[in-house]
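The values are calculated or read from the model by the stated rules, or taken from the named source; none is laboratory data. It should be emphasised that the depicted structure is a prediction, and the values quoted were computed from it without experimental measurement. FYI the Cβ positions are ideal-geometry reconstructions off the backbone, even for glycines, and counts take in every protein chain you see. Areas reflect the complete protein model, heavy atoms only, side chains present, ligands, DNA and RNA absent. Shrake-Rupley method; radii C 1.70, N 1.55, O 1.52, S 1.80 Å.
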Amino acid sequence: MSKVSKSLLGLSFISVLGLGLAGCASGTSAKSGGSSTDSSKTITVVFYPNESAKSFAGSRTAIKQAVEKATGKTVKLQTTTNYNVAIQAIASGKAQVAYMGANGYIQAHHKSKDVVPFAAQSDAKGTLKDATYNSYLMVQQKDAKKYEENGKYSIKNVKGKKLSYVSNSSTSGFLVPTAEISREFNIKTADQDKLTQSGSFFSKVLYGGSHQGSAVNLLKGDADVAAFDDADLMPYLNVTKGSWDKVGSTFTVKDNAEAPFTSLAGKSVVNIAMMPVQQGPWVYNTKSLSKDDQKKIATEFKSKSFAQNKKIFSEPNAKTPMMFPKKSEKSKLVNVTDKWYAPTHRLLNHVPLVHNERICQCSRLFS
């Protein structure tokens, strides 16, 4: 069993509230198969707020060109400032292709069985065995000592602090870190809602609306602790001590970091916890995208030329990270099915689907 399977299966007994099918904004439930886009002429690719950031504009354009080359169709890119907008777009068929986290994909699949995964980024060996990225709980460097116990970093002192999540549809920015906190404090199922309500377990609960937004909440001091991942922050942070794969590492905002980090250069954070997360899938809506286009896009995305496109994949230790960091020259997109996401399915099967709109404080950073 892979490391990620063991990790997620170990968390599968945990019930985490706040994972409503709606994200930070409510919307009408998607009906399977509906679409306002004529996929015979146009293909729409939708992105989460994280990948909608200005820093990834070059990657989005390269993906657009790859889909156009493969299908001969006009491609429209849809950026978003809200996870639920992207989930709703792919589930309704208004978008035909999307890049999502495991949690968001499963939510979209629940809305419409037509949403299926077809590719995910591999591990360093070019397989799915250890295809993971990192979810963190971070604190400001100046406060890091407060979270040490016996010379090691611990999350035992997060209780009573102000905490920022990404979105309740985020895998690495909500589901996995919340499950880790639940396990550490042995929080019972009936008490899980405490982790999503200000004034209960945490003095204040915030949502950044994106991984970048959650990091900004921490760096500006609006939160004491924040959850976010590695890949979405690489364009903005440098490792100044340790590494992206080591607990207790220090990360500093780059001098030339783009919005929303332009006024935060030089500020540093430390990861006090790190959890592996299953790589999110590329998905398409099989009812609003023809079988021919499905095949062409899947073939293109899993091709050698796509994996070697430096505008899409960053080379290891690249100074300017692209949308997808490569762990080695063997990294690529590989075939993936719903079955591979069984660990995340098991975790979510224990989660009551609750729309907790009252605590949502989404940042509109990339409008």
### Candidates 83, 153, 147, filtered to the one that is touching a residue at least 40 places away in the same chain (Cβ under 8 Å), over 26 Å from residue 57 (Cβ atoms) and open to solvent by less than 10 Å² (accessible area, probe 1.4 Å)
147
### Task
May I ask you to verify whether residue 248 is open to solvent by 10 Å² or more (accessible area, probe 1.4 Å), in contact (Cβ under 8 Å) with a residue 60 or more places away in the chain and on the phi > 0 side of the Ramachandran plot?
yes
### Query
Any chance the stretch 19-40 includes a residue that's surrounded by fewer than 18 Cβ atoms within 10 Å (Cβ to Cβ) and at pLDDT 95 or above?
no
### Query
How many residues does the stretch 177-192 hold that are touching a helix residue (DSSP H, G or I) at 6+ places or on another chain (Cβ under 6 Å) and open to solvent by 60 Å² or more (accessible area, probe 1.4 Å)?
0
### Message
Tell me the residue from 14, 43 that is in contact with a Leu (Cβ under 9 Å, 6 or more places away or on another chain), open to solvent by less than 60 Å² (accessible area, probe 1.4 Å) and modelled with pLDDT of 95 or more, please.
### Response
43
### Close pairs from the stretch 304-315: first without any contact (Cβ under 8 Å) to a residue 24 or more places away in the chain, partner aromatic (Phe, Trp, Tyr), Cβ under 6 Å, at least 6 apart
313/324
### Message
Taking the condition of being assigned to a loop (DSSP other than H, G, I, E, B) and within 23 Å of residue 44 (Cβ to Cβ), how many residues in the stretch 280-315 meet it?
### Response
11
### Query
Of all residues in the stretch 256-268 being touching a helix residue (DSSP H, G or I) at 6+ places or on another chain (Cβ under 6 Å) and farther than 21 Å from residue 52 by Cβ, which is least open to solvent (accessible area, probe 1.4 Å)?
268
### Query
With (1) crowded, with 20+ Cβ neighbours inside 10 Å; (2) at pLDDT 95 or above as the list, and residue 337 as the residue in question, which single condition is left unmet?
(1)
### Message
With the requirement that a residue be in contact with a helix residue (DSSP H, G or I) (Cβ under 8 Å, 6 or more places away or on another chain), open to solvent by 20 Å² or more (accessible area, probe 1.4 Å) and modelled with pLDDT of 95 or more, what does the stretch 269-289 give you?
### Response
284, 286
### Task
Run down 112, 122 and say which single residue is open to solvent by less than 50 Å² (accessible area, probe 1.4 Å), touching a Leu at 6+ places or on another chain (Cβ under 7 Å) and at pLDDT 95 or above.
122
